[in-house]
Amino acid sequence: MIDCREAAVLSSAELDRPLRRGERLSLWLHRLVCPACRLYKRQLEAMRRVARRFGDASAEPGAAPPPVRLDAAARERLRQRLRAAAQGDDARDP
């Protein structure tokens, strides 16, 4: 019988690929006796649903996250902080 750590790895893997028969059986038997791992499965499924709902294609395995777009003011603040960090200055914007 597998332990919780192995069950967690298989639970995550089953979201990305079909498990082999032995893996599927081991995971099923473990979840039969382990309420924590049954809960973990439900949590993983909920996170996947939320990621798909709010993340579009970024929820697909291997997909790149959407690009981040900063407004002009945010870009300027970032430039200033990077310059200050490069010069060893710890001054912060108020």
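Annotations for the structure displayed:
Conditions (1) out of contact with any Leu (no Cβ under 6 Å at 6 or more places or on another chain); (2) modelled with pLDDT of 95 or more; (3) at positive phi; (4) in a helix (DSSP H, G or I), marked per residue:
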{"position": "LEU19", "(1), (2), (3), (4)": "yes, yes, no, no"}
{"position": "GLY22", "(1), (2), (3), (4)": "yes, yes, no, yes"}
{"position": "MET47", "(1), (2), (3), (4)": "yes, no, no, yes"}
{"position": "ALA51", "(1), (2), (3), (4)": "yes, no, no, yes"}
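- Annotation: GLU6 fulfils all but one of (1) among the acidic types (Asp, Glu); (2) modelled with pLDDT under 80; (3) surrounded by 10 or more Cβ atoms within 10 Å (Cβ to Cβ); the unmet one is (2).
- Filter result for the condition that a residue is at pLDDT below 85, in a helix (DSSP H, G or I) and surrounded by fewer than 11 Cβ atoms within 10 Å (Cβ to Cβ), over ALA57, ALA73: ALA57
- Cross-chain or 6+ apart pairs with Cβ under 7 Å, the range 1-12 first and in contact (Cβ under 8 Å) with a residue 12 or more places away in the chain, then surrounded by 13 or more Cβ atoms within 10 Å (Cβ to Cβ) and of a type in the set (Ser, Thr, Tyr): ILE2/SER26; ALA8/TYR40; SER11/TYR40
The values are calculated or read from the model by the stated rules, or taken from the named source; none is laboratory data. Since this is a predicted model, take the numbers as computed values, not measurements. Using ideal geometry, Cβ is built from the backbone for each residue, glycine included, and neighbour counts are taken over all protein chains shown.
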